[in-house]
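Below is one structure; the comments refer to it alone.
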Protein chains: 2
Amino acid sequence: MKTKTRSSAASLPLNQILAGDSIDVMNSLPEGSVDLIFADPPYNLQLRGDLHRPDNSKVDAVDDAWDQFDSFKVYDDFTREWLKAARRLLKPNGAIWAIGSYHNVYRMGAELQNLGFWILNDVVWRKSNPMPNFRGKRFTNAHETLIWASKNEAAKYTFNYEALKSLNEGIQMRSDWVLPICNGGERLKNEDGDKAHPTQKPESLLHRILVGTTNPGDVVLDPFFGTGTTGAVAKMLGREFIGIEREEKYRKVAEKRIAAVRKFDKDALHVSTSKRAEPRVPFGQLVERGMLRPGEELYSMNGRKKAKVRADGTLVSNDVKGSIHQVGAHLEGAPSCNGWTYWTFKRDGKNVPIDVLRQQIRAEMQ
Amino acid sequence: MKTKTRSSAASLPLNQILAGDSIDVMNSLPEGSVDLIFADPPYNLQLRGDLHRPDNSKVDAVDDAWDQFDSFKVYDDFTREWLKAARRLLKPNGAIWAIGSYHNVYRMGAELQNLGFWILNDVVWRKSNPMPNFRGKRFTNAHETLIWASKNEAAKYTFNYEALKSLNEGIQMRSDWVLPICNGGERLKNEDGDKAHPTQKPESLLHRILVGTTNPGDVVLDPFFGTGTTGAVAKMLGREFIGIEREEKYRKVAEKRIAAVRKFDKDALHVSTSKRAEPRVPFGQLVERGMLRPGEELYSMNGRKKAKVRADGTLVSNDVKGSIHQVGAHLEGAPSCNGWTYWTFKRDGKNVPIDVLRQQIRAEMQ
DNA sequence: GACTTGGTTGAATCGGATG
DNA sequence: CCATCCGATTCAACCAAGT
């Protein structure tokens, strides 16, 4: 796995900002070489004329030329092409994040599904400090939508469940994220004090995405790099990035920004892992090592059932024989059972889960 | 307006649940006769196998035949047809709400745009008590998405800004709504104790939609009526409803439910009206009524600019003449200006906004 | 009656390694 | 490719029964 990453990485322009059209540049890169894509494409905002606040200050709206599309057709074609190029670049187990607002996200989501991407979640970025609706004609547009999708239905995508749960104070992470918009010191400004990019995303958003759905060393591509939030956070977190940006003024800002970023300590990049990632220990080892004697009795957690350990690492209860899981499932009439947490043994009059013994063995293995 | 509603209402099957296929029934109803459509179509969930909780109990999933579609193509065709029929039914200033999850909402949103609907907001229903992700493989699917769209870009849709603001404790209502899922006493059960419908929506959701985007007496159509949450809330709130439901078992439950609903008192239905809906008061009236004398000077809020009132209700400042709004805009170099809040007059040495005078007139009008 | 405890449930695209 | 087996995994709200 590591070797494969390295070998394909060798031919990749890592930690660089490539100049040019997103689709062309993506098509020039080697197929199946990227772990994750984060894409913040033009939104196709259909603002009619300028928007003004009640106090007459002008809202610096997204009105740059690159954001104008004369019809849904043009936007759909553009969307399909960049998504196609992106999908080609992904490794078999790769995934994509794409962000949008109601102006474009429905078209983007539909094209994404049409191309074979498999939606895993949509995530709502709930802005803690959105711009109010000055005219009082609609709801405050207080969120944007992110679509998280794997390359296809079969892909074994990366999902650091425990790390995300830790980020959320021990409760599993939900599909709605409350994060502030990017302003204050984080918001990049030109020399004239204007914002350097109209839609700079907050680093907190990319932090959660990269911690949650990539591993250190993974290659993250951003085809609409802008001022480089993806690159900056990737560098901090010890991921490799590839940026593509057409406009020189954005590339310049991004390069300066990323050069100033310091990578976190390696220890800080280590995230909580799930039990699934730990080495497998067969129950029979507990018997071989003498931690449990053949003939010793195990008791279910609630104390209602019992079974006898046999020398080959199977259990027997009445006429039922089999693994700790099989016997537990049978006794409970359940479709499955985790024997490690179901069974206990007696020591000094107390019932101890057998999983304690497995943890002892795992500790010795390190 | 009222007459028109009544005349078209006369030929409409109001406050009834129509049996049959949504598209067929909609096409049999008169064109341009409905103020609002709320649609909760099948989501096309593509569930593979069974799902069990960590305690081995089985999740009662949506496996009904009405949610099964063979392909995206079939689902898209279905979506396009019901949306087309729905749009035909809407009055020129009508609007639609459609709810979905990531399985279907992107396709629905794109078709909706393709048909000429004009998206006003998408609204995220953040569930306070969603079902967790039992396998730890994704984010908790904690929200559903509602799309609010007018019949076309030009439609003067209904939006009770002040009422929604009041519902939200004086703060402008945002595009993310935190509401609990429908359970407890509100959840309708069959005689055997099973849920009567797998996807019953909470009344709080419909309450907010109907208070916010309809007026008393409006006709609200729900083409996927189910157990009739839309009808129940419409009746409470003094709106007329039309339900369409294919399955008899759901119709029966809905009829019984709605019969038991009591309409709120008329007084309770009176919602805060937005300033926009308040009677318009021409500035000239202030002059006609002698509240301001011709020749009197007005001062801008910051005191830097001044202008003189003329007998015809226009202002003059240096060589600029025009309405309170036009002169204010010109003096500020702004494209627009709300003259009512921009200009003040002197009384007893103090600067008083001219809007105070407008409010006096409005108070007298009631 | 107040409080605690245990059981149930909700629109869900919910494994992975080994042989 | 398929079959088999291991074994990891849940939050908030409501309700009924017990203390």
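The values are calculated or read from the model by the stated rules, or taken from the named source; none is laboratory data. Only a predicted model underlies this, so the values are computations on that prediction, with no experimental measurement involved. Virtual Cβ from ideal backbone geometry, glycine too; neighbours counted across all protein chains shown.
Quick look at the numbers
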quantity: Among the candidates B:147, B:181, residue that is over 28 Å from residue A:136 (Cα atoms) and within 14 Å of chain A (Cβ to nearest Cβ); calculated: B:181
quantity: Inter-residue pairs, beta-carbon under 7 Å, first within 18 Å of residue B:104 (Cα to Cα) and in the stretch B:130-153, second away from DNA strand D (no atom under 11 Å from the Cβ) and of a type in the set (Lys, Arg), 6+ apart; calculated: B:142/B:126; B:143/B:126
quantity: Scan of the stretch B:114-138 for residues that are closer than 15 Å to residue A:126 by Cα and either outside the structural domain of residue B:176 (by the TED database) or out of contact with any helix residue (DSSP H, G or I) (no Cβ under 7 Å at 6 or more places or on another chain) (or both), ordered by number; calculated: B:121, B:122, B:123, B:124, B:126, B:127, B:128
quantity: Some residue of the stretch B:98-119 being among the acidic types (Asp, Glu), more than 9 Å from chain A (Cβ to nearest Cβ) and either within 24 Å of residue B:233 (Cα to Cα) or surrounded by 20 or more Cβ atoms within 10 Å (Cβ to Cβ) (or both); calculated: no
quantity: Strands (runs of 3 or more DSSP E) contained in the stretch A:254-366 and holding at least 1 residues away from DNA strand D (no atom under 16 Å from the Cβ); calculated: A:297-300, A:306-309, A:343-347, A:350-353
quantity: Every residue from the stretch B:250-265 that is hydrophobic (A, V, I, L, M, F, W, C) and buried (at least 17 other Cβ atoms within 10 Å of the Cβ); calculated: B:253, B:254, B:258
quantity: Pairs with Cβ under 6 Å, 6+ apart, first in the stretch B:57-78 and in the same structural domain as residue B:23 (by the TED database) and surrounded by 13 or more Cβ atoms within 10 Å (Cβ to Cβ), second modelled with pLDDT of 95 or more and assigned to a helix (DSSP H, G or I); calculated: B:69/B:75; B:76/B:107
quantity: The stretch B:331-360: number of residues that are within 12 Å of another protein chain (Cβ to nearest Cβ), exposed (fewer than 14 other Cβ atoms within 10 Å of the Cβ) and not small (Gly, Ala, Ser); calculated: 1
quantity: Yes/no for residue A:314 being away from DNA strand C (no atom under 16 Å from the Cβ) and assigned by the TED database to the domain that holds residue A:150; calculated: no
quantity: Residue satisfying all of: in the stretch A:127-159; within 21 Å of residue B:163 (Cα to Cα) and either among the aliphatic types (A, V, I, L, M) or assigned to a strand (DSSP E or B) (or both); nearest to the chain's Cα centre (by Cα) among these; calculated: A:142
quantity: Criterion violated by residue B:91 - all others in (1) away from DNA strand D (no atom under 16 Å from the Cβ); (2) of a type in the set (Lys, Arg); (3) without any contact (Cβ under 8 Å) to a residue 40 or more places away in the chain satisfied; calculated: (3)
quantity: Enumeration of residues in the stretch B:126-143 that are near DNA strand C (Cβ under 7 Å from one of its atoms) and more than 10 Å from every other protein chain (Cβ to nearest Cβ); calculated: B:129, B:131
quantity: Matching residues in the stretch B:126-178 - criterion: being closer than 20 Å to residue A:130 by Cβ and within 14 Å of DNA strand D (Cβ to nearest atom); calculated: B:126, B:142, B:143, B:178
quantity: Pick from the stretch B:30-53, criterion under 28 Å from residue B:245 (Cβ atoms) and in a strand (DSSP E or B), ranking: nearest to DNA strand C (Cβ to nearest atom); calculated: B:39
quantity: Residue in the stretch B:97-106 that is closer than 22 Å to residue A:115 by Cβ, part of a strand (DSSP E or B), under 20 Å from the mean Cα position of the chain (by Cα) and within 13 Å of DNA strand C (Cβ to nearest atom) present; calculated: yes
quantity: Subset of the stretch B:192-249 that is part of a loop (DSSP other than H, G, I, E, B) and basic (Lys, Arg) - its residue that is surrounded by the fewest Cβ atoms within 10 Å (Cβ to Cβ); calculated: B:246
quantity: Residue within the stretch B:54-61 that is at pLDDT 95 or above, within 6 Å of DNA strand C (Cβ to nearest atom), touching a Gly at 6+ places or on another chain (Cβ under 9 Å) and not in a helix (DSSP H, G or I) present; calculated: no
